[in-house]
């Protein structure tokens, strides 16, 4: 779930190339609405999104589906943002732009899969 369409599409394409099914949303509100339809195996969630931001969306996701792995994404490398996300239950935190191999490792780790 990301507010930047180009990055969203690149990440989705990479995950599909890895054999994963991808559903995209461009806001926290859209993410939460999609959760009502189907619970995914993993959520990649940008910190900055229109409407309900990533941190607030993470908080709601953790209340609704506590076992749902969430990996946060941000263009900011500020350590306070990452710490807050991890305290709220995010599995991991990636700073954009990130290496595709790091994305693969992070996603597979969050899903409990071998590389």
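The values are calculated or read from the model by the stated rules, or taken from the named source; none is laboratory data. Quick caveat, the model's predicted, so the values are computed rather than measured. Reconstructed Cβ throughout: ideal geometry from the backbone, glycine too, with neighbour counts over all protein chains shown.
Counting just the residues of the stretch 96-112 that are surrounded by fewer than 18 Cβ atoms within 10 Å (Cβ to Cβ) and assigned to a helix (DSSP H, G or I), which one comes out modelled with the lowest pLDDT? Reasoning before the result, please.
Start the filter on the stretch 96-112 by keeping residues that are surrounded by fewer than 18 Cβ atoms within 10 Å (Cβ to Cβ), which leaves 96-102, 104-105, 108-109, 111-112.
Narrowing further to those that are assigned to a helix (DSSP H, G or I): 100-102, 104-105, 108-109, 111.
Values: 100: 89, 101: 92, 102: 94, 104: 93, 105: 95, 108: 94, 109: 95, 111: 93.
Among them, the one singled out is 100.
I'd like the residue in the stretch 96-115 that is in contact with a strand residue (DSSP E or B) (Cβ under 9 Å, 6 or more places away or on another chain) and in contact (Cβ under 8 Å) with a residue 40 or more places away in the chain and, out of all such residues, is farthest from residue 20 (Cα to Cα). Give the steps one after another, and end with the answer.
Initially, the stretch 96-115 is screened for residues in contact with a strand residue (DSSP E or B) (Cβ under 9 Å, 6 or more places away or on another chain), giving 96, 98, 102-103, 106-107, 109-110.
Okay, now just the ones that are also in contact (Cβ under 8 Å) with a residue 40 or more places away in the chain, so 96, 103, 107, 110.
Numbers: 96: 21, 103: 13, 107: 10, 110: 13 Å.
So, considering only residues that are in contact with a strand residue (DSSP E or B) (Cβ under 9 Å, 6 or more places away or on another chain) and in contact (Cβ under 8 Å) with a residue 40 or more places away in the chain, the one farthest from residue 20 (Cα to Cα) is 96.
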